[in-house]
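The values are calculated or read from the model by the stated rules, or taken from the named source; none is laboratory data. Note that the coordinates shown come from a computational prediction; the quantities given were computed from them, not determined experimentally. Glycine also receives a Cβ, built like all others from the backbone with ideal geometry; neighbour counts cover every protein chain displayed. What goes into the accessible areas is simple: the full protein's heavy atoms, side chains included, and nothing from ligands, DNA or RNA. Shrake-Rupley method; radii C 1.70, N 1.55, O 1.52, S 1.80 Å.
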Amino acid sequence: MPRRTLGDKPMTNAERQARYRARVAARPVIHYRRAADRRSRTQRWRDAVAELVALQAEYVQWFETLPDPLHNTATGEALQAIADLDLSDLRVIEPPRGYGRD
């Protein structure tokens, strides 16, 4: 395959690279915007608490399946600390609606 030429002599690597960069720079750049979160603060709070409770259940299950010799390791202690957290207070909290709608 013959090399591309610039006039009567072959292009150098730098010339080929400069043409490529100019061609890439001329392409339109498409930016995608992330969808807006339309949930209310109350709904986001409830979703966050539900996610925390679900994660805690997963960590409890992980700790229970962890072999006994690993309970005293850093991982075991961290899993135990997460399992010991009392998230029941978060479940009963109902955030204020705000702006006179309480």
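Closer than 30 Å to SER40 by Cβ, of a type outside the set (Lys, Arg), open to solvent by 100 Å² or more (accessible area, probe 1.4 Å) and not in a helix (DSSP H, G or I), is that true of GLU58?
Here the answer is no, as GLU58 does not meet what is asked.
Pick out the one residue from PRO95, PRO2 that is surrounded by 10 or more Cβ atoms within 10 Å (Cβ to Cβ) and modelled with pLDDT under 90.
Result of the check over PRO95, PRO2: PRO95.
For the condition basic (Lys, Arg) and in a loop (DSSP other than H, G, I, E, B), what is the one hit in ARG33, ARG44?
Every option except ARG33 fails the conditions.
Of all residues in the range 73-92, how many are loosely packed, with under 10 Cβ neighbours inside 10 Å and farther than 28 Å from THR42 by Cα?
Qualifying residue count, the range 73-92: 1.
Could you tell me whether the range 37-44 includes any residue that is within 24 Å of VAL92 (Cβ to Cβ), of a type in the set (D, E, K, R) and in contact (Cβ under 8 Å) with a residue 24 or more places away in the chain?
Yes, because at least one residue in the range 37-44 is within 24 Å of VAL92 (Cβ to Cβ), of a type in the set (D, E, K, R) and in contact (Cβ under 8 Å) with a residue 24 or more places away in the chain.
So HIS31 clears everything in (1) loosely packed, with under 11 Cβ neighbours inside 10 Å; (2) in contact with a Phe, Trp or Tyr (Cβ under 6 Å, 6 or more places away or on another chain) except one condition, right? Which one?
Exception for HIS31: condition (2).
Of the residues that sit in the range 10-28 and are open to solvent by 90 Å² or more (accessible area, probe 1.4 Å) and not in a helix (DSSP H, G or I), which one is nearest to ALA48 (Cα to Cα)?
PRO28
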